Amino acid sequence: MSAGKILVTGSSGHLGEALVRVLREAGRDVSGIDVLPSPFTSVVGSVADRDVVRESLAGVTGVLHTATLHKPHIGSHDRQAFVEVNVTGTLNLLEESVRAGVESFVFTSTTSAFGRALYPGSDAPAAWITEDVVSLPRNVYGVTKTAAEDLCELVQRDSGLPVVVLRTSRFFPEGDDRDDVRSAYEDANSKVNEFLYRRVDIADVADVHLLALERAAGIGFGRYIVSATAPFTREDVAELASDAPRVVARLFPDQEAEYARRGWSMFPRLDRVYVNARARAELGWQPRYDFRHVLDLLKAGEDFRSPLALAVGAKGYHAVSTGPYTVR
């Protein structure tokens with residue numbers, strides 16, 4: 001990829017802001033587009049507006065497409081809005097990128113696209129989730145993200161535009177969307193637990209996006225899971241579903257004492273494990289914030305979040321008026 005201009009969509013959001021910050025610090029020419037104004041947004045407008053997209057792509061060589069309606073918007077936006085932003089918006093960007101001669105395109109998707117495959121049932125082993133698992137979307141968010149992924153593959157095949165799809169796990173700083181988890185666990189406790197199997201730090205997410213942008217031309221089309229490196233093997237899945245604390249204590253003998261000191265507890269069972277091996281192998285990604293690193297930070301009395309995560313902070317989600325994701 002050349003050292004040309006990079007367009008970041010969703011630049012007022014969590015990941016968009018993080019990417020603009022990192023690119024600016026690296027001295028890159030970067031532009032941001034979002035429906036909300038911010039210090040990280042150059043163009044205020046929607047990716048669903050093709051004219052805005054076309055104008056935003058002038059002189060751009062690489063696109064980082066993070067703009068989306070998220071799962072929390074299900075309660076505040078209808079299905080048509082999800083289609084317009086997540087599907088039409090992505091198609092606009094893909095087709096206009098082809099016309100503009102863009103050299104590489106990275107689409108931020110979600111592990112939520114796996115949908116029902118993530119919930120094996122109370123008596124089943126934890127699901128071992130790789131890119132080969134078939135997606136079974138549970139809601140309009142998952143449906144529109146998988147549809148957008150399919151458009152990415154279609155346009156790449158028809159036009160040759162190099163496209164990489166990144167299915168990211170949780171990196172949002174807001175509280176858990178499940179009432180039972182928020183009531184039973186301190187927020188930091190639940191987030192640290194998740195680094196074992198379904199969470200990733202935003203600094204590592206930003207790193208893999210930039211690597212994908214660099215390597216897209218050599219890949220053509222690729223789809224990757226982006227989550228902290230899990231410490232488990234496939235042989236652990238049955239025990240993770242029945243007694244996760246036992247597995248974790250065996251792998252991390254110092255975990256129990258640190259948790260006891262904080263009054264924390266491990267989740268009794270894990271229902272899935274995200275496997276990031278393909279992203280590490282093919283993109284050269286080396287995520288730093290795994291459970292071992294996070295536990296060491298806690299033991300040293302430090303914040304378990306990266307400096308980038310702390311700088312971006314919590315934003316809420318625009319136009320969401322209820323629940324833990326409400327914009328404040």
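Taking into account only those residues within region 157-187 that are β-branched (Val, Ile, Thr) and either buried (at least 21 other Cβ atoms within 10 Å of the Cβ) or touching a strand residue (DSSP E or B) at 6+ places or on another chain (Cβ under 9 Å) (or both), which is nearest to residue 104 (Cα to Cα)?
Step by step, filter region 157-187, then rank; the result is 163.
(1) small (Gly, Ala, Ser); (2) in a helix (DSSP H, G or I); (3) surrounded by 17 or more Cβ atoms within 10 Å (Cβ to Cβ): which one isn't true of residue 218, the others all being true?
(3)
Residues in region 193-204 that are touching a helix residue (DSSP H, G or I) at 6+ places or on another chain (Cβ under 6 Å) and assigned to a helix (DSSP H, G or I): how many?
2
Kindly provide the set of residues from region 191-205 that are of a type in the set (A, V, I, L, M) and surrounded by 24 or more Cβ atoms within 10 Å (Cβ to Cβ), ordered by number. Break it down into steps so the answer makes sense when it comes.
At the first step, the residues of region 191-205 found to be of a type in the set (A, V, I, L, M) are 192, 196, 200, 202-203, 205.
Answer for region 191-205, where residues must be of a type in the set (A, V, I, L, M) and surrounded by 24 or more Cβ atoms within 10 Å (Cβ to Cβ): 192, 196, 200, 202, 205.
Could you tell me which of the residues 136, 154 is within 28 Å of residue 237 (Cα to Cα) and either exposed (fewer than 14 other Cβ atoms within 10 Å of the Cβ) or not charged (D, E, K, R) (or both)?
136
Considering 238, 281, which residue is of a type in the set (Gly, Ala, Ser) and without any contact (Cβ under 8 Å) to a residue 12 or more places away in the chain? Before you say what the answer is, go through the steps one by one.
Values: 238 fails: without any contact (Cβ under 8 Å) to a residue 12 or more places away in the chain.
Being of a type in the set (Gly, Ala, Ser) and without any contact (Cβ under 8 Å) to a residue 12 or more places away in the chain holds for just one of 238, 281, which is 281.
When region 206-235 is examined, which residues are found to be touching a Ser or Thr at 6+ places or on another chain (Cβ under 6 Å) and β-branched (Val, Ile, Thr)?
The one that is touching a Ser or Thr at 6+ places or on another chain (Cβ under 6 Å) and β-branched (Val, Ile, Thr): 226.
Please work out which one of (1) touching a Pro at 6+ places or on another chain (Cβ under 8 Å); (2) in a helix (DSSP H, G or I) is the condition residue 183 fails and give its number.
Here residue 183 meets the rest and fails (1).
Which is hydroxyl-bearing (Ser, Thr, Tyr), touching a residue at least 12 places away in the same chain (Cβ under 8 Å), under 19 Å from residue 270 (Cα atoms) and in contact with a helix residue (DSSP H, G or I) (Cβ under 6 Å, 6 or more places away or on another chain), of 135, 109, 190?
190
Against the condition over 30 Å from residue 306 (Cβ atoms), in contact (Cβ under 8 Å) with a residue 60 or more places away in the chain and not aromatic (Phe, Trp, Tyr), how does residue 91 come out, does it pass? Let's see the steps before the verdict.
Values: over 30 Å from residue 306 (Cβ atoms): yes; in contact (Cβ under 8 Å) with a residue 60 or more places away in the chain: yes; not aromatic (Phe, Trp, Tyr): yes.
Considered against the rule, which asks whether it is over 30 Å from residue 306 (Cβ atoms), in contact (Cβ under 8 Å) with a residue 60 or more places away in the chain and not aromatic (Phe, Trp, Tyr), residue 91 comes out as yes.
For region 245-284, which positions are surrounded by 15 or more Cβ atoms within 10 Å (Cβ to Cβ), out of contact with any Pro (no Cβ under 6 Å at 6 or more places or on another chain) and among the aliphatic types (A, V, I, L, M)?
247, 248, 249, 270, 273, 275, 279, 283
From the list 261, 250, 246, 280, pick out the single residue that is closer than 30 Å to residue 4 by Cα, charged (D, E, K, R) and not in a loop (DSSP other than H, G, I, E, B).
From the options 261, 250, 246, 280, the qualifying one is 280.
A quick yes/no check of all residues on (1) surrounded by fewer than 17 Cβ atoms within 10 Å (Cβ to Cβ); (2) out of contact with any strand residue (DSSP E or B) (no Cβ under 6 Å at 6 or more places or on another chain); (3) assigned to a helix (DSSP H, G or I):
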| residue | (1), (2), (3) |
| --- | --- |
| 189 | no, yes, yes |
| 209 | no, no, yes |
| 232 | no, no, no |
| 242 | yes, yes, yes |
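Since every read-out is calculated from the coordinates, none of them should be taken as a lab result. Because the structure is a prediction, the values reported are computed rather than measured. Cβ coordinates were reconstructed from backbone atoms using ideal geometry, including for glycine residues, and neighbour counts include every protein chain displayed.
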